[in-house]
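The values are calculated or read from the model by the stated rules, or taken from the named source; none is laboratory data. Quick caveat, the model's predicted, so the values are computed rather than measured. Here the Cβ positions follow ideal geometry from the backbone for every residue, glycine too, while neighbour counts run over all protein chains shown.
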Ligand SMILES: Cc1cc2nc3c(=O)[nH]c(=O)nc-3n(C[C@H](O)[C@H](O)[C@H](O)COP(=O)(O)OP(=O)(O)OC[C@H]3O[C@@H](n4cnc5c(N)ncnc54)[C@H](O)[C@@H]3O)c2cc1C
């Protein structure tokens, strides 16, 4: 693609926005977004406090330089300032009684996790520690990568005979919260996908965020994009002899040389249903399942551990009502902008009811992985990267090897850029 071309990118999540940024350096890009804001910051909320106006990103997204090398390099290239985030964690039962808590200290791109010896955590620790060291040993050699190819996370847990407590009260709540899916679904994720992330988890790479929140990254990426159409839904795509036609919710019909679809996989499948040449891609996209999840921003301290000394930045709580993970982020502890503010703010994943001081409830749908969808994802990637004639491409957090997180969104966009020979300076 040496000549300057007209490129439409549909969807401005991390994947679509990264693709639009990459292509805008050499081509004429029009980015379509159905909402009135760019994807990452769409669901955030502005609040006014006695200390001034603040913004809470919903969800608060975090990353590390080890598991997210491409996103990290992109942020550095764009000079988007990053800062460490406290992600110390507490774990409590459904009554809010804590059974475990760890702290972390981040210094010079290393983080140190430590546990304070507390008598009341002792019973759980005696179960936790042997399993923890067994897991650490398993992950250090990376032999799991061979032994657990084509196996799911549940197979790994079964094979290694971890205690029920270690699985049910630690590993499963943490990973189902990261993937925002049910406990049953996380057990069906490809084993290596979870174990790779776990091995990074046990490293000393601290969690980071953008100073200024998602807006900082979005502003930097959007700067070079030639045109952004907000509140514009791409409805239908058709392949014409001289390009790809897009009909949108504003009644416009536009023709582009290339189209990059950065929506969720199920939405992408619908968008291409009138292109017979892509019928196999459509059936592959339909194999990527989505889970619904909810997040509430509120001021209700009852979601936190009963003992205030156990409050952490991230607070996991077991529930009796459902098999969805419940985790509450204590914003005043995790977000430096909220330090010292009198009112306490929380963000709870999978709230069980409307909490006191509810500010916003947001719904998300999130791709989940299993062995079938993993194979489908690999085939979509292979098909689009090997077919030189194709004019429709897909990007998204569902479309790379790692867990469906921000890094995959950037990776998928970079891969499509590379296919078109667009050099990246980082
Ligand atoms: C609760 C929660 C917490 C998370 N925390 C983290 C975290 O800490 N770290 C991390 O790495 N990841 C996290 N993630 C995952 C991460 O947010 C997603 O993987 C990522 O944002 C997905 O990006 P995407 O570009 O693939 O898709 P999306 O963000 O879904 O973007 C798709 C965009 O397309 C637009 N769109 C859809 N259809 C059309 C259409 N027809 N026309 C025009 N526009 C359209 C949508 O409005 C949307 O803006 C979290 C997710 C959730 C739900």
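Values as computed for the structure displayed
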item	result
Search result, residues across segment 16-41 that are part of a loop (DSSP other than H, G, I, E, B) and either surrounded by fewer than 18 Cβ atoms within 10 Å (Cβ to Cβ) or away from the ligand (no atom under 12 Å from the Cβ) (or both)	25, 26, 27, 35, 36, 37
Filter result (on the phi > 0 side of the Ramachandran plot and either assigned to a strand (DSSP E or B) or in contact (Cβ under 8 Å) with a residue 60 or more places away in the chain (or both)) within segment 82-129	96, 109
From 66, 60, residue being surrounded by fewer than 18 Cβ atoms within 10 Å (Cβ to Cβ), within 16 Å of the ligand (Cβ to nearest atom) and in a loop (DSSP other than H, G, I, E, B)	66
Residue match in segment 211-228 (condition: assigned to a loop (DSSP other than H, G, I, E, B), out of contact with any helix residue (DSSP H, G or I) (no Cβ under 9 Å at 6 or more places or on another chain) and at pLDDT 95 or above)	no
Residues that are more than 26 Å from the chain's Cα centre (by Cα), more than 10 Å from the ligand (Cβ to nearest atom) and surrounded by 15 or more Cβ atoms within 10 Å (Cβ to Cβ), drawn from segment 213-255	239, 243, 244, 245, 247, 254
In segment 323-349, residue surrounded by the most Cβ atoms within 10 Å (Cβ to Cβ) [restricted to those that are assigned to a loop (DSSP other than H, G, I, E, B) and without any contact (Cβ under 8 Å) to a residue 60 or more places away in the chain]	344
Scan of segment 314-329 for residues that are touching a strand residue (DSSP E or B) at 6+ places or on another chain (Cβ under 6 Å) and at pLDDT 95 or above, ordered by number	314, 315, 316, 317, 326, 327, 328, 329
Residue check for residue 270: within 14 Å of the ligand (Cβ to nearest atom) and out of contact with any strand residue (DSSP E or B) (no Cβ under 8 Å at 6 or more places or on another chain)	yes
Among residues of segment 396-420, those that are more than 7 Å from the ligand (Cβ to nearest atom) and not in a helix (DSSP H, G or I), counted	6
In segment 1-15, the residues that are away from the ligand (no atom under 12 Å from the Cβ) and in contact with a strand residue (DSSP E or B) (Cβ under 7 Å, 6 or more places away or on another chain)	4, 5, 6, 7
Odd one out for residue 201, checked against (1) touching a residue at least 12 places away in the same chain (Cβ under 8 Å); (2) within 16 Å of the ligand (Cβ to nearest atom); (3) surrounded by fewer than 22 Cβ atoms within 10 Å (Cβ to Cβ)	(1)
Tabulated pairs, segment 275-287, first free of Cβ contacts under 8 Å to residues at least 24 places away in the same chain, second buried (at least 18 other Cβ atoms within 10 Å of the Cβ) and not in a helix (DSSP H, G or I), C-beta under 7 angstrom, 6+ apart or interchain	282/272
Count - residues of segment 323-341 that are out of contact with any helix residue (DSSP H, G or I) (no Cβ under 9 Å at 6 or more places or on another chain) and under 16 Å from residue 175 (Cα atoms)	1
Of all residues making up segment 362-395, the number that are assigned to a strand (DSSP E or B) and buried (at least 16 other Cβ atoms within 10 Å of the Cβ)	6
Options 303, 297: the member that is within 13 Å of the ligand (Cβ to nearest atom) and over 30 Å from residue 373 (Cα atoms)	297
Candidates 79, 53, filtered to the one that is at positive phi, surrounded by fewer than 18 Cβ atoms within 10 Å (Cβ to Cβ) and away from the ligand (no atom under 16 Å from the Cβ)	79
Count - residues of segment 300-317 that are in a loop (DSSP other than H, G, I, E, B) and crowded, with 16+ Cβ neighbours inside 10 Å	6
Filter pass, residue 92 being within 30 Å of residue 406 (Cα to Cα), assigned by TED's automatic domain parsing to the domain that holds residue 195 and at pLDDT 90 or above	yes
